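Structure first, commentary second.
The values are calculated or read from the model by the stated rules, or taken from the named source; none is laboratory data. These numbers were taken from a predicted model, which means no experiment stands behind them. A quick note on method: Cβ atoms are made from the backbone with ideal geometry, for glycine too, and the neighbour counts reach across all protein chains shown. Just the protein is used for accessible areas: all its heavy atoms, side chains included, with ligands, DNA and RNA removed. Shrake-Rupley method; radii C 1.70, N 1.55, O 1.52, S 1.80 Å.
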Amino acid sequence: MIAAATAAAREGGAANRAMITVSVMLATIMQALDMTIANVALPQMQGTMGATQEQIAWVLTSYIVAAAIAMPLTGFVAARIGRRRLFLWSVAGFTVASMLCGAAQDLTQIVGFRLLQGVFGASLVPLSQSVLLDAYPTEKHGQAMAMWGVGVMIGPILGPSLGGWLTEYYDWRWVFYINLPFGLLAWFGVSLFVRETPLEHDRRFDLLGYALLALSIGALQMMLDRGESLDWFSHEEIIVLCATAGIAFYLYVAHTFTAERPFLDPALFADRNFSIGLMFSFVTGVLLLTTPALLPPFMQNLLGYPVLDVGLVMAPRGVGTAISMMIVGRLSGRIDPRIPVVLGLALSAQSLWEMSGFTPDVGSWEIVRTGLVQGFGLGFIFVPLSTLSFSTLPVRLRNEGTAMYSLARNIGSSIGVSVVFAMLARNSQANHAGLASYATPFHPPLADALARGLVDTSTPAGLALFDAQVTHQAMTLAFLQDFRLIMWFTLAAIPLTLLLRPAARRPSAIPPRPGATPTSRR
């Protein structure tokens, strides 16, 4: 009974670890790519489907909401039917749903198929993390998380670039069809090399607890996704969604502390490293997607970059992440894991500080260099945090733990993107009003420009051009203010490292719950 038979004999020993790693990495990359790859294809989808901008946004909303609601189920379903079996069903379902999305003929079909894609894809990332943690011995968890992190972090970074290239040279349907080879290889790899885990036949499903949690998460994701288009709390739909999310979460917490067998085991949150790790996972989610979400409109709308050049300029960020992950994976076990976390946060903050000084004349190299530094920092944060968060968590809680860890990162990304774009719109208006207050002939710089003929306000065309210049400067300032906001958020997370235990110990050898029986591999 040593830690549930050492998690099914460490998934077959060292000989199979390489194949297990490749198989689960393919599934991870496939799911991570789909978080962002479809974004750049929305205009083409909109034309094909004859949809409005608000209607086509449901292609993204349906996927995000479905994945967020289904993700907490990962631990329970894996315990009841087996982790390997759930993994196989998830890969197969996600691949088939991707093909259906590519073949969709109208808006209703593609939104429905994206819902299926979100439901099946929700378990892929947490299951892959759990499988790798069990496949590798404790002293090699840092290396395992480095390899796993490459898929999780690189996917969202490279998604827009790959999506733009496929859309430009082929068709938007190929952003979904590209999942087929990944899905087939991942399915065969998991079926051949991953062993089944013990089942928990007596585990009951807390329907009320799950319903309250799903309602809270679903309402929150809907609010974050639709808030910008509905002008946030000036629209009653956002107010209703916010109230629903808050009330449902309160009821879920109250139910968890009073139920005999709640949906999520409270022992998850009694582990200090895991609880702090959830907070850091939220921070990582904010850093992972906010800057890549801001840079494309900054480069396209203000600097005049074409979409393919935007992808090329942003690609080095992913290279920096991959390199730093490999470095910190090699250093795992040799240094205090909190050191690379602090270093990674500092590097990310430094790059954001430099971004907050961008001008409309910034060159490509400056964007590449700052992106490379930020990507390097993210790799230093992600790997040791993933290792530390699960270093003291009992093995039997890993499936639930990895699901909540991924959920926290996804919620961080959603909240981060929503906040920075809301601030972008608000600051643009405020900056425009502030700059316009100086647009008077009594302001010396403007008076000098008028006298020298650099500005013409005597004709409607001249006034329109002058207003466009003011708007351009106001938008530039708003982007820089967002970069600085993310920088302060990053610096504020550094003190959290003091709450982590500096030395990871081997997970407790807690046997499976009564009634759990091992199942043979099929």
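Can you pull out every residue in the stretch 316-333 that is among the small types (Gly, Ala, Ser) and either in a loop (DSSP other than H, G, I, E, B) or over 17 Å from the mean Cα position of the chain (by Cα) (or both)?
Gly320, Ser324, Gly329, Ser332, Gly333
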Answer residue from the stretch 192-202, given it is open to solvent by 20 Å² or more (accessible area, probe 1.4 Å), out of contact with any strand residue (DSSP E or B) (no Cβ under 6 Å at 6 or more places or on another chain) and not acidic (Asp, Glu) and is farthest from Val253 (Cα to Cα) among those: Leu192
Qualifying residue in the stretch 338-358 (condition: in contact with a Pro (Cβ under 9 Å, 6 or more places away or on another chain), open to solvent by 30 Å² or more (accessible area, probe 1.4 Å), not acidic (Asp, Glu) and not in a loop (DSSP other than H, G, I, E, B)): yes
Tally of residues being farther than 19 Å from Ala70 by Cα and either open to solvent by less than 50 Å² (accessible area, probe 1.4 Å) or modelled with pLDDT of 85 or more (or both) across the stretch 252-279: 11
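Going by the structure shown, is Leu312 open to solvent by 30 Å² or more (accessible area, probe 1.4 Å) and touching a residue at least 40 places away in the same chain (Cβ under 8 Å)?
yes
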Which listed residue, of Arg338, Arg369, is among the basic types (Lys, Arg) and modelled with pLDDT of 85 or more: Arg369
Selection within the stretch 359-395 - without any contact (Cβ under 8 Å) to a residue 60 or more places away in the chain, open to solvent by 10 Å² or more (accessible area, probe 1.4 Å) and not in a loop (DSSP other than H, G, I, E, B): Ser364, Trp365, Glu366, Val368, Arg369, Leu372, Val373, Phe376, Phe380
Residue count for the stretch 276-311, restricted to those that are within 13 Å of Ala493 (Cα to Cα) and either in a loop (DSSP other than H, G, I, E, B) or under 12 Å from the mean Cα position of the chain (by Cα) (or both): 7
Single residue of Ala219, Ala211, Ala186, Ala144 found to be touching a Cys at 6+ places or on another chain (Cβ under 9 Å) and assigned to a helix (DSSP H, G or I): Ala219
Residue identified as touching a residue at least 40 places away in the same chain (Cβ under 8 Å) and touching a helix residue (DSSP H, G or I) at 6+ places or on another chain (Cβ under 6 Å) among Leu192, Leu199, Leu162, Leu127: Leu127
Residue match in the stretch 125-137 (condition: part of a helix (DSSP H, G or I), open to solvent by 30 Å² or more (accessible area, probe 1.4 Å), of a type in the set (Val, Ile, Thr) and out of contact with any strand residue (DSSP E or B) (no Cβ under 7 Å at 6 or more places or on another chain)): no
Any hit, the stretch 217-235, residues being of a type in the set (Gly, Ala, Ser) and over 25 Å from Val119 (Cβ atoms): yes
Cβ-Cβ under 8 Å pairs, at least 6 apart or on other chains, the stretch 221-235 side open to solvent by less than 60 Å² (accessible area, probe 1.4 Å), far side of a type in the set (Asp, Glu): Arg226/Glu237; Leu230/Glu237
